[in-house]
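These notes concern the structure reproduced below.
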Amino acid sequence: MTLPTLPLFVKELGGSDQLIGIIVGIFTFSALLMRPYAGHALESRGRRFVYMFGLGVFVLSVGSFAFVTSIAFLFMMRIVQGIGWGFSTTATGTIATDLIPPKRRGEGMGYFGLSGNIALAFGPSLGLTLVDVITFPQLFLICASGGLIAFILSSTIRYKKVDQSEHKTVAVKFDIFEKTAIQPSMLLFFITFTFGGIATFLPLHAAEKSVAGIESYFLVYAIFLMISRTFAGKVYDRKGHLYVFLPGTVLIFGAMLLLAWLPNTAVMLIAAGMYGLGFGSVQPALQAWAVENAPGNRKGMANATFFSFFDLGIGLGAIIFGQIAFVFNYSFIYVTAAGSVSLSIILYIYLVWKAARSHNRQ
């Protein structure tokens, strides 16, 4: 709910496009810094502690937005929000991995990812609708109450106990990522780079182009996201990431070009469907890939690595796109985003070729 409305709030406080990008981006950078600590804490302090601590910090920080009167205070609380987000989202991915049978990991991560992505799809539409009829402080208090419900429900989960693992956790100096998760996480970075442009600047881009129905964009995105979850995970389990990643990224690439063009509402909604179908297919497949090869005592760090690249993509995207909007225009944001998707496709083809070559040698 805050993704498309926070930029409007910054504008109301007198901030520029550059400040919008920085305030949106700093949230993900603070989350990025916390994820390695969260990954280690999952294996030492336990799933429950990390998850509930992260949710608690998140709820308090979002609730504080209702009392913000300056950009400086908002900037500070966005950093705090990122800390809560980093701990809670790293924990959820690991908890889901604990619960899903290994043979159905792609399918299971698809269902798990659906819940968060439905929120990312319907939340912005609801936020944009509410902000026209209520004040920003009221909106932020509603957001905080949603997080409070999550905090209460988190106490009912049966968490895996740390001492049940058959592996021993070994402390490693400067251990900030899981190497087996690097490749899919790098691919994810170039994909989520595009998300920073959509979530942060699409409402402003549509207004500049006099295109109505921005709320409908997120609803259409949600519908096609749900459609992708019905088959993408199963395709991954049966055939592997090759049959999921390339079709998904081609759809995302096309969506970015349509948003750069954006002549009318119909084109915007077509782009929404393409992006929902593409992102909904690619993201859970890459997450399943990231955790499947990690040792049993490194699933937490694998998820931390995966979401660190997720955050880095969104954060850098928001900050860089803010500069692009300031120097050029909103349309150029999505041309740049299409270039980022192209890099992901090129990198993926290289990784597949490299793996095939290594396999042939063996």
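For the residues GLY110, GLY127, the requirement of being modelled with pLDDT of 80 or more and not hydrophobic (A, V, I, L, M, F, W, C) singles out GLY127. Annotation note: of ARG158, ARG105, the sole residue that is assigned to a loop (DSSP other than H, G, I, E, B) and out of contact with any Ser or Thr (no Cβ under 7 Å at 6 or more places or on another chain) is ARG158. Counting residues in region 20-38 that are in a loop (DSSP other than H, G, I, E, B), of a type outside the set (Lys, Arg) and either under 19 Å from LEU120 (Cα atoms) or without any contact (Cβ under 8 Å) to a residue 24 or more places away in the chain (or both) gives zero. Restricting to region 75-87, count the residues that are touching a residue at least 40 places away in the same chain (Cβ under 8 Å), surrounded by 20 or more Cβ atoms within 10 Å (Cβ to Cβ) and not aromatic (Phe, Trp, Tyr). Result for region 75-87: 5. Residues that are at pLDDT below 90, under 24 Å from LEU347 (Cβ atoms) and either touching a Lys or Arg at 6+ places or on another chain (Cβ under 6 Å) or not in a helix (DSSP H, G or I) (or both) occur at least once in region 178-199. Within region 4-20, take every residue that is of a type in the set (Val, Ile, Thr) and either surrounded by fewer than 17 Cβ atoms within 10 Å (Cβ to Cβ) or under 15 Å from ILE319 (Cα atoms) (or both) and give me the one that is modelled with the lowest pLDDT. Across region 4-20, the extreme among qualifying residues is ILE20. Among the conditions (1) at pLDDT 90 or above; (2) aliphatic (A, V, I, L, M); (3) within 22 Å of the chain's Cα centre (by Cα), the only one that LEU351 does not satisfy is (3).
Counting only helices (runs of 4 or more DSSP H) wholly contained in region 225-336, the ones carrying 1 or more residues that are surrounded by fewer than 24 Cβ atoms within 10 Å (Cβ to Cβ) and aromatic (Phe, Trp, Tyr) occupy 242-261, 299-327.
The values are calculated or read from the model by the stated rules, or taken from the named source; none is laboratory data. No experiment lies behind these values; they were computed from the predicted model shown. Neighbour counts are summed over all protein chains in view; Cβ atoms, including those assigned to glycine, are modelled from backbone coordinates with ideal geometry.
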